[in-house]
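First comes the structure, then the notes that go with it.
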Amino acid sequence: MIGAVFPIPSHLVGRIFEDGRNVFLKPPTVYKDLKRGSKILFYASGDIREIVGEGTAEKVELLKPEEAVKRYGGKLFLDPNEVSEYLKGKKRASKVLVIVLKDLKRYKRGYKPKRFITVAGKRLTETEYKEILRAVEK
């Protein structure tokens, strides 16, 4: 495993790739396999339903939601009020997975994954990653 694919609502994609909000957070899933240097791909859910870009994990940590908001503030891809709304009713929301990203790159074209990407995200293998890169760089 070289990383993960995580879904984000289509309307928030621009925050990561255009607005420089390079800190991603979500309830902790597949986090035990993620570390500095892991590839993080983003699947735009909703209208788009494609993998639209990637970044490299510079830092991966588990924090309380309030701590993440205090530490990263305007760099979070969600606004503080959106964080609490997003985590409302989620299991394991006492801590969140926080990934500081570098080398963000939006793909020229999206990639339709073979399988649906769940809210939990999906582990990414090197073979899958190479296949995605071939498709988006054509």
The chain: relative contact order from alpha carbon pairs under 8 Å, six or more residues apart, as a whole percent, is 37 percent
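Given a Förster radius of 25 Å and the C-beta distance between ARG71 and LYS102 as r, what FRET efficiency does 1/(1 + (r/R0)^6) yield to the nearest 0.05?
The value I calculate is 0.90.
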Note: GLU61 to THR127 extended length (0.36 nm per residue) minus current alpha-carbon separation gives 21.1 nm
Calculating Rg and Dmax of the Cα atoms in Å from this structure picks out, from (i) 17.2, 57; (ii) 21.1, 81; (iii) 14.0, 42, entry (iii)
Excluding residues fewer than 8 positions from LYS138 in its own chain, the lysines with Cα under 25 Å of it are LYS39, LYS102, LYS105, LYS108, LYS112, LYS114, LYS122, LYS130
Computed from the beta carbon distance with a Förster radius of 30 Å, FRET efficiency for GLU137 and SER10 to the nearest 0.05 stands at 0.85
Note to self, the chain gives a 222 nm [θ] from helices alone (DSSP H runs n ≥ 4, -39500 (n - 2.57) apiece, / all residues, nearest 500) of -6000 deg cm²/dmol
PRE zone check, label point 7 Å out along Cα-to-Cβ of PHE116, amide N under 18 Å, scope the range 13-51, hits 43-51
Cα-based Debye curve of the range 64-138 sampled at q = 0.17, 0.21, 0.24, 0.28 Å⁻¹ gives log₁₀ I(q)/I(0) of -0.89, -1.05, -1.13, -1.31
Magnitude of the Cβ-charge dipole (Lys and Arg +1, Asp and Glu -1) of the range 3-136 about the Cα centre, nearest 20 debye, reported as 380 debye
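Values in this text are rule-based calculations from the coordinates and carry no lab data. Remember, predicted model here, so these are calculated numbers, not experimental data. Positions of Cβ are backbone-derived with ideal geometry, glycine not excepted, and every protein chain shown enters the neighbour counts.
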